[in-house]
Amino acid sequence: MKIIVDTNIVFSAILNSNSRIGKILLNSKEHFQFFSCNFLWTEIQRHRNKLLKLTKLTEYQLTELEELATHKLTFIDERLIPQDLLTRTEAQLKTIDPNDTVFVALTKHLKGKLWTGDRQLYNGLKAKRDRDIILTSELSLLLDDLERE
């Protein structure tokens with residue numbers, strides 16, 4: 001299954017690599033293919049000072065943790081997403097959160113599921129009957145089921 005990972009999931013993994021999020025990212029590659037867009041790196045850099053403050057890590061330690069949290073992701077250049085899909089997705093997210101357009105569009109482009117911890121995005125897309133979005137709790141249950149098989 002293709003899982004598109006958004007920024008808040010990676011931030012959560014950076015802040016606590018031993019959390020369920022960290023364990024899913026690091027230990028479930030045999031069940032899931034993880035993807036994200038290059039915009040994720042922009043978001044990490046934009047919030048780097050905040051991450052340094054929250055983690056109390058050195059620059060080097062944070063870089064190592066970022067690598068750990070993202071090394072199982074395949075990054076897709078958002079310029080590869082068809083423009084008409086980006087335009088339709090941006091219109092869909094206008095009243096939810098336009099900042100997540102590239103993640104949602106990549107999910108549609110790859111025919112995967114968007115893994116997010118953003119409740120506003122999740123609830124907004126669910127209200128529009130989007131079934132391609134999943135929270136950590138749901139992904140964790142799915143992983144448990146797959147591991148029992």
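Numbers at a glance
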quantity: Yes/no for residue 43 being of a type in the set (D, E, K, R), within 22 Å of residue 102 (Cα to Cα) and free of Cβ contacts under 8 Å to residues at least 40 places away in the same chain; calculated: yes
quantity: Residues satisfying the stated conditions in the stretch 70-108, i.e. more than 15 Å from the chain's Cα centre (by Cα) and under 28 Å from residue 30 (Cβ atoms); calculated: 80, 81
quantity: Residue, nearest to the chain's Cα centre (by Cα), within the stretch 109-145, restricted to residues that are under 19 Å from residue 11 (Cβ atoms) and assigned to a loop (DSSP other than H, G, I, E, B); calculated: 116
quantity: Entirely in the stretch 1-103, the helices (runs of 4 or more DSSP H) that have 2 or more residues that are modelled with pLDDT under 95 and loosely packed, with under 14 Cβ neighbours inside 10 Å; calculated: 39-46, 48-55, 59-70
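The values are calculated or read from the model by the stated rules, or taken from the named source; none is laboratory data. These numbers were taken from a predicted model, which means no experiment stands behind them. Cβ sites come from the backbone with ideal geometry, for glycine too, and all protein chains shown count toward neighbours.
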